[in-house]
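Asks: Below is one structure. I have some questions about it.
The values are calculated or read from the model by the stated rules, or taken from the named source; none is laboratory data. Note that the structure is a prediction, hence the values are computed from the model and not measured. All Cβ positions, glycine included, derive from the backbone under ideal geometry; neighbour counts span all protein chains shown.
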Amino acid sequence: MVRFCVRLDSSLGAGEAWRRVTLWERHGDVVPLTRISVVAGAAEGGVGTVFVARSGVGALTFDDPMEVAVWRPPLGERAGFCRLVKRGSFVTGWAEIEVRPGAGGGSRVVWREELRVRGVPRVFDPLVGWVARRVFGRAVRRLLARP
């Protein structure tokens, strides 16, 4: 099991940062070799929304289905919070996205995740964690940078 956390400050207000990081289909634009399909619920989220990240190339492709378990957009000074539960057989775990108002009208985005990749021995957890932090850090930066 790997746990990691990415924290990024943005000049965007909390509402806009929240909108950008929770438009699930946009994640496919910023995560390498990945497409996102919303299969239940709405693309803008909400409890019960289910989406699938299909990652890989050719025969080395897997699906990572996720369900929104908690959905609380930011409101005023209250931070937004979303919890995703990974429902797949290959990748399991959860992800939490928190967007809180920051200084000067900006925001802070915190992405926490715990994941387990079936068939990958625990001895590789440090490497998986290192890669995951880089991939998700880059993805969040790109989501915040693009309208």
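Asks: Has region 114-131 got any residue that is under 13 Å from residue 7 (Cα atoms), in contact with a Lys or Arg (Cβ under 9 Å, 6 or more places away or on another chain), of a type in the set (Asp, Glu) and at pLDDT 95 or above?
Replies: no
Asks: Something else now. For residues that are of a type outside the set (Lys, Arg) and over 15 Å from the mean Cα position of the chain (by Cα), tally how many sit in region 110-147.
Replies: The total comes to 13.
Asks: Turning to a different aspect of this structure: Report yes if some residue within region 7-14 is part of a strand (DSSP E or B), surrounded by 14 or more Cβ atoms within 10 Å (Cβ to Cβ) and within 15 Å of the chain's Cα centre (by Cα); otherwise report no.
Replies: Looking through region 7-14, at least one residue is part of a strand (DSSP E or B), surrounded by 14 or more Cβ atoms within 10 Å (Cβ to Cβ) and within 15 Å of the chain's Cα centre (by Cα).
Asks: Something else: Could you tell me which of the residues 68, 38 is buried (at least 19 other Cβ atoms within 10 Å of the Cβ) and more than 19 Å from residue 133 (Cα to Cα)?
Replies: After applying the criteria, what remains is 68.
Asks: Only one of these is surrounded by fewer than 16 Cβ atoms within 10 Å (Cβ to Cβ) and either in contact with a strand residue (DSSP E or B) (Cβ under 6 Å, 6 or more places away or on another chain) or within 18 Å of residue 20 (Cβ to Cβ) (or both): 58, 46. Name it.
Replies: The conditions single out 46.
Asks: Being in contact with a Gly (Cβ under 7 Å, 6 or more places away or on another chain), of a type in the set (A, V, I, L, M) and in contact (Cβ under 8 Å) with a residue 40 or more places away in the chain narrows it down to one of 2, 50, 21, so name that one.
Replies: On inspection, the qualifying residue turns out to be 2.
Asks: For the list (1) part of a strand (DSSP E or B); (2) under 21 Å from residue 145 (Cβ atoms), I need the number of the one condition that residue 104 fails.
Replies: (1)
Asks: For region 60-76, state whether one or more residues are touching a helix residue (DSSP H, G or I) at 6+ places or on another chain (Cβ under 8 Å) and not in a strand (DSSP E or B).
Replies: Within region 60-76, one or more residues are touching a helix residue (DSSP H, G or I) at 6+ places or on another chain (Cβ under 8 Å) and not in a strand (DSSP E or B).
Asks: Of the residues 138, 134, 112, which single one is closer than 24 Å to residue 9 by Cβ, in contact (Cβ under 8 Å) with a residue 24 or more places away in the chain, in a helix (DSSP H, G or I) and not acidic (Asp, Glu)? Can you show your working first?
Replies: Values: 134 fails: in contact (Cβ under 8 Å) with a residue 24 or more places away in the chain; 112 fails: in a helix (DSSP H, G or I).
Exactly one of 138, 134, 112 is closer than 24 Å to residue 9 by Cβ, in contact (Cβ under 8 Å) with a residue 24 or more places away in the chain, in a helix (DSSP H, G or I) and not acidic (Asp, Glu), namely 138.
Asks: Now for a different question. What are the pairs with Cβ atoms under 8 angstrom where one residue, in region 24-36, is at positive phi and the other, located anywhere, is of a type in the set (A, V, I, L, M, F, W, C)? Sequence gap at least six, or different chains.
Replies: As it stands, the answer is 33/57, since those pairs meet every condition given.
Asks: Could you grab me the full set of residues in region 77-87 that are crowded, with 17+ Cβ neighbours inside 10 Å and either acidic (Asp, Glu) or part of a loop (DSSP other than H, G, I, E, B) (or both)?
Replies: Scanning region 77-87 gives a single hit, 79.
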